Amino acid sequence: MKHYIAGLVITAFLAGCSGVEKLSNRDFADVYRKNSKLIDPDFAVYHLDDLKTEIYFKINTESLVYVENPREKTFTGKVKIAYRLYENFESRTLIDSASTVIEDETEGVKEKNIYGKFELKIPSGKDYVLLVTSGDVNRDRQTQNLIDIQKTSALTRQNFKVTDKKTGHMLFRNYIHADDVIQIEYNMLTAAADLKIDYFDNSFPVTPPPFALDVDGPPSMRPASSKALRLSGENKATFSPDAFGLYHFKVSNESLDGLTLFYFDDKFPIIKNVSEMASALRFITSKNEYEAINEHRNLKTAVDSFWLNTAGSKTRARELIKAYYNRVQNANVFFSSYKEGWKTDRGIIYMIFGPPNMVYKSAQSEAWVYGEANNHLSVNFVFNKTQSPFTQNNYMLRRSPNYKNPWYRAVETWRQGRVSALDF
């Protein structure tokens, strides 16, 4: 395996294959938890061709422990990255596995990003699952990431290399801001004449509570406009957004597959806009309260008053606001699809109940458990993956009227000025 990390010392990758437990039997609850003490890498996938795939990563050193080297008067941080490639969630056989240790030696410890990539040989024609474990060697703490490798089509997002032209680094997100200048490269060896851009200006509502059964499926979307974006001889083009909405790039009118970039808000995924703060109160307010807040002549005053009245004190109100909007922000990071993450089925469950105790994944669904396994008092949610040319991250809840009581108990916890009891 090839690996590239500028300015860092790297050990060799060690390849190997062995029989292992199926991914579908493993608990992946940690992928939906934010822990300030753990490294939290970002990954991006780019298929060079029908055989070779590059996995790019970004690691912020804020949570990385650096050990002092007194003799050299330097500090060293170490990150171990190990991957396992599976044919699917049900497979017990590894297609490939490897690991490396990255050493970052610096004269002074300060927050920065470590960028790098490694190359895999993955034949086209199938989709795969890549499990990446990233660990802080100096304190023996690690996190896991599951990455879908899509090699059944040469037209999907992973065939586009998307970089920030200002920094030269990969874009490790599917959302963009007004000041972004994006370079898009398509991997086909024969230059395409241009990219087709479909622009959608749709605004989507928040999904209903989990016990509501009459729920529409993913919308049938029509572009508000379409245009061509000329590719250079190197199959590259530059793009910046000019309006809020969804931008879908494709190379063929025969297929809807392509690259989608979302422009929700210039602060996204952070919730800073008071209008968004008010909207996110929809599920912990009554209909009359919600309307009164949004019709108030001073929206910020109305939102602040709600939290102060709920908490009973300014100190407690600040704690509740931090907890609630952190969940909204995390939902945006984890679950955004064609709409903001907090508006989705998984997003509203995450907001109200908090991170699940257990998460089990398969190719077509996710199962969340709040409570203990096989306990009849536990609350279980199952989300089915929906097919979309715009996103691989849209899941719909299998809804049930049985969710009404646990939902209202969790909402009442918030209304009593306490963070949901299922949060930890």
Say the cut-off is 31 Å between C-alpha atoms; which of Lys34/Lys161; Lys73/Lys165; Lys117/Lys196 go over it?
Lys73/Lys165
Quick one: check the C-alpha center-to-center distance for segment 320-350 versus segment 266-314, whole angstrom.
15
Max mean-square fluctuation residue, GNM over the chain, Cα-Cα springs under 10 Å, options His376, His169, His248:
His376
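Could you compute the net charge surrounding Ala224? Neighbours are other residues with a C-beta less than 10 Å from the C-beta of Ala224; K and R count +1, D and E count -1.
Result for the neighbourhood of Ala224: -1.
Determine by what factor the alpha-carbon radius of gyration of segment 304-424 differs from 2.2 N^0.38 Å, reporting the quotient.
Expressed relative to 2.2 N^0.38 Å, the Cα Rg reads 1.12.
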Among Lys78, Lys339, Lys287, which one moves the most in a GNM of the chain with springs linking Cα atoms closer than 10 Å?
Lys287
As a test of the formula, what do you get for the chain when each DSSP H run with n ≥ 4 contributes -39,500 (n - 2.57) and the sum is divided by the residue count, at 222 nm and rounded to the nearest 500 deg cm²/dmol?
-5000 deg cm²/dmol
Formal net charge of residues neighbouring Asp50 (Cβ-Cβ distance under 13 Å; K, R +1; D, E -1)
+3
The chain - convex hull of alpha carbons, volume per residue in Å³
169
Once you've got the GNM for the chain with C-alpha springs shorter than 10 Å, pick whichever of Thr74, Thr133, Thr344 has the biggest mean-square fluctuation.
Thr74
Quick one: of the DSSP bridges fully inside segment 161-263, what percent are antiparallel, nearest 5?
95
Set the Förster radius R0 to 35 Å, insert the Cβ-Cβ distance between Val181 and Ala292 as r into 1/(1 + (r/R0)^6), and round the FRET efficiency to 0.05.
0.25
Output needed: percent of Cα pairs per 10 Å distance bin for segment 3-152, bins running from 0 to the one holding the longest distance.
10, 39, 34, 14, 3, 0
Length gained when the stretch Met188-Ser153 is fully extended (0.36 nm per residue, less Cα-Cα span):
11.4 nm
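Rounded to the nearest 0.05, what FRET efficiency do Lys166 and Lys227 have when you use their Cβ-Cβ distance and R0 = 25 Å?
The value I calculate is 0.60.
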Once the Cα gyration tensor of segment 52-110 is diagonalised, what are the square roots of 5 times its eigenvalues, in whole Å and ordered largest first, as equivalent ellipsoid semi-axes?
34, 11, 10
Using square roots of five times the C-alpha gyration tensor eigenvalues, list the equivalent-ellipsoid semi-axes of segment 319-379 in whole Å, biggest first.
21, 17, 8
Can you pull the one-decimal nm distance between simple spin-label points at Leu377 and Ala363, each 7 Å off the Cα toward Cβ?
3.9
If you take every residue apart from Ala302 with its C-beta less than 10 Å away from the C-beta of Ala302, what net charge results, scoring Lys and Arg +1 and Asp and Glu -1?
-1
Highest to lowest packing among 158-164, 382-388, scored as the average C-beta count within 10 Å
158-164, 382-388
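Roughly how many debye, to the nearest 20, is the charge dipole of segment 161-263 about its Cα centre, given +1 on each Lys and Arg Cβ, -1 on each Asp and Glu Cβ, and no other charges?
For segment 161-263, the charge dipole is close to 300 debye.
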Computed label-point distance, nm, for sites Glu68 and Lys236 using a 7 Å Cα→Cβ extension
4.4
For segment 161-263, build the convex hull from the C-alpha positions and give me its volume per residue in Å³.
132
Using alpha-carbon coordinates, inclination of helix 299-311 to the longest axis of the chain, degrees
80
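We did not get these values from a lab; they are worked out from the coordinates using the rules stated. What you see is a predicted model, and the numbers here were worked out from it, not measured in a lab. So basically every Cβ, Gly included, is an ideal-geometry build from the backbone, and we count neighbours across all protein chains shown.
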